[in-house]
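Just below is one structure, and these are the notes that go with it.
The values are calculated or read from the model by the stated rules, or taken from the named source; none is laboratory data. Computed from a predicted model, the values in this text were never measured in an experiment. In this analysis, Cβ positions are derived from the backbone assuming ideal geometry, glycine residues included, and neighbour counts consider all displayed protein chains. Keep in mind that these areas ignore ligands, DNA and RNA; they rest on the heavy atoms of the full protein, side chains included. Shrake-Rupley method; radii C 1.70, N 1.55, O 1.52, S 1.80 Å.
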There are 2 protein chains.
Amino acid sequence: MQKSQNISRSVIVRLPRYHRYLSELISMNIERISSKELASHMALTASQIRQDLNCFGGFGQQGYGYNVKALYEEIGKIIGVDKLKHAVLIGAGNLGRTIASYMNFNDCGFELSAIFDNNPEIFGLTVGGIAVQSIDEFESYCSTNTPDVAVLCIPSSAATEIANTVISCGIKGIWNFSQKDLIFQDDSIYVENLRLSDSLMTVRYHLKD
Amino acid sequence: MQKSQNISRSVIVRLPRYHRYLSELISMNIERISSKELASHMALTASQIRQDLNCFGGFGQQGYGYNVKALYEEIGKIIGVDKLKHAVLIGAGNLGRTIASYMNFNDCGFELSAIFDNNPEIFGLTVGGIAVQSIDEFESYCSTNTPDVAVLCIPSSAATEIANTVISCGIKGIWNFSQKDLIFQDDSIYVENLRLSDSLMTVRYHLKD
């Protein structure tokens, strides 16, 4: 089982859902499950689940279904949660502080190890056990610590400039909470634009007038 | 231009992006734009943009492109941001308080008018100008105020029970931040499951080992 190229985004975004459901099944002491049962829990079809897992080589056994713990571990490896990468967070305002303290980075395959902001009033403030540093320290931090991912909780007006700095420091992934979509042509850079307001507007769209 | 049935989710989730880009163009005093130019800004293709907008009747004029302000307003109407719906938030922990104070609900088509929690220590605490109430008041609040949407910032262990209460009170939309996927068979209920950890795991997936 390994990470293949050309897996569609719709499959990739279901991997964390599988991981989460399987973890629930483990906590209920369920040892094996058919694709049909897994499908009914996840509001998918059994054939969609088989197709998804076949992208990574497949795991089920005809007539047996899936071994829950083995599948959980394999999907964890495919996502990469078994090998922690190094994350930093930029922007320790209201949202940034919540993300730093609320999120379980380790469960998602990361260790959050530094937080940066441009507001001197909060330098030294401890958030989730980490002291906020000046953004002026960012480049020297990167040259020593080579982080893999930056979590951007900054205003959209600052997003492009900060993202360019981040990339120039060798960071390969961005988890972007700013309203500005960050788009890079370089395929070695991955950006996950998480726009809370877009998500809320999607709820509004679905309501009757 | 109206909300049609059977618009695919991938089109719907792009509507807020169009809305946001067009708002940026307006702030730059750009009056019209071709689908090609709009596409290059949004990392889409011109034909995808034309197809998306054709789902709602189409707006462009051959040889002219799109009138930026008119398209912005039409897309706003399609999403529904011109008619505010009534939202309540349940769960005023770290995340809930940030969502209540950080999000601009009005820009997304909502008025946030009440916040509920089960922790007596924070009853009366003001968040984003709204005093936190006891969850015990929720049903009576709904019978008087008929909210449209509930924002759930609660632990996954409480999600199913609270969601069932919310639906039984006549609420038609849920913006769900809990880790528990909420799935309803009833087509008149819309749930947007926003799983921050799934999004972060997607970043992890894309990093090289």
Practice problem: Please report, to one decimal in angstroms, the Kirkwood hydrodynamic radius of segment B:132-172 built from all distinct Cα-Cα pairs. | Solution: 10.6
Quiz item: Using a 1.4 Å probe, what is the accessible area per residue for segment A:68-164, in Å²?
Solution: 45
Quiz prompt | Apportionment of accessible area to carbon and sulfur, the protein assembly as shown, percent (1.4 Å) | solution = 45
Exercise. Taking each pair of different alpha-carbon atoms in chain A once, compute 1/r for the pair, average those values, and report the inverse of that mean as the Kirkwood hydrodynamic radius in Å to one decimal.
Key: 19.2
Quiz item: At 222 nm, what helix-only mean residue ellipticity would chain A give, in deg cm²/dmol to the nearest 500, using -39500 (n - 2.57) for each DSSP H run of four or more?
Solution: -12000 deg cm²/dmol
Quiz prompt | Peptide B:105-113, shielding by other chains (average Cβ, 10 Å cutoff) | solution = 3
Exercise. Take every Cα-Cα pair in segment A:132-200 and report what % of them are more than 16 Å apart.
Key: 45
Quiz item: How many angstrom lie between the C-alpha centres of segment B:22-98 and segment A:23-88?
Solution: 37
Quiz item: Ranked from the most accessible area to the least, with a 1.4 Å probe and all protein chains present, what is the order of B:Glu192, B:Glu24, A:Glu137?
Solution: A:Glu137, B:Glu24, B:Glu192
Self-check item: Heavy atoms of A:Leu84 accessible to a 1.4 Å probe, total area in Å² rounded to 10
Solution: 90
Practice problem: Consider all pairwise Cα distances in the protein assembly as shown and report the whole-number % of them above 30 Å. | Solution: 48
Quiz item: Inter-copy label distances at B:Phe59, 7 Å along the Cα→beta-carbon direction, one decimal in nm, shortest first?
Solution: 4.4
Quiz prompt | Normalised contact order of chain B, rounded percent, pairs of Cα under 8 Å and 6 or more residues apart | solution = 14
Practice problem: Provide the buried accessible surface between chains A and B in square angstrom, both chains summed, 1.4 Å probe, rounded to the nearest 100. | Solution: 5700
Quiz item: Among chain A residues, which Cβ is nearest the axis of the A-onto-B rotation, and at how many Å?
Solution: A:Thr98, 2
Quiz item: In whole Å, what is the distance between the alpha-carbon centres of segment A:101-126 and segment B:104-141?
Solution: 27
Quiz item: Under a GNM of chain A (C-alpha, springs under 10 Å), which listed residue has the highest mean-square fluctuation: A:Asp82, A:Asp187, A:Asp107?
Solution: A:Asp187
Quiz item: How long are the semi-axes of the ellipsoid equivalent to segment A:1-100, from square roots of 5 times the Cα gyration tensor eigenvalues, in whole Å, largest first?
Solution: 28, 16, 13
Quiz item: Per residue Cα convex hull volume for segment A:44-127, in cubic angstrom?
Solution: 123
Quiz prompt | Among beta bridges that DSSP assigns inside chain A, antiparallel share in %, nearest 5 | solution = 20
Exercise. Name the residue, out of B:Thr126, B:Thr98, B:Thr144, whose mean-square fluctuation peaks in a Gaussian network model built on chain B with Cα pairs under 10 Å.
Key: B:Thr144
Quiz prompt | segment B:71-209: Lys pairs at Cα distance under 30 angstrom, eight or more positions apart or on different chains | solution = 8
Practice problem: Can you list the distances in nanometres, one decimal and ascending, from the B:Gln48 label point to the identical position in each other copy, with the point 7 Å along Cα to Cβ? | Solution: 2.1
Practice problem: Using the heavy atoms of the protein chains and a 1.4 angstrom probe, tell me the accessible area per residue for segment A:1-63 in square angstrom. | Solution: 59
Exercise. State whether segment A:97-172 is rounded, prolate or oblate according to the following rule on the C-alpha gyration tensor (a ≥ b ≥ c being the square roots of its eigenvalues): a/c under 1.5 gives rounded; otherwise a/b larger than b/c gives prolate, and the remaining case gives oblate.
Key: rounded
Quiz item: When the distances between all Cα atoms of segment B:163-209 are binned every 5 Å from zero, what whole-number percent does each bin get?
Solution: 5, 20, 23, 17, 11, 10, 7, 4, 2, 1
Quiz item: So how exposed is B:Cys108, as accessible area in Å² (1.4 Å probe, rounded to 10)?
Solution: 0
Quiz item: What percent antiparallel are the DSSP beta bridges of the protein assembly as shown, to the nearest 5?
Solution: 20
Quiz item: Say we join alpha carbon atoms closer than 10 Å with springs in a Gaussian network model of chain A; which of A:Ala87, A:Ala46, A:Ala163 then has the biggest fluctuation?
Solution: A:Ala46
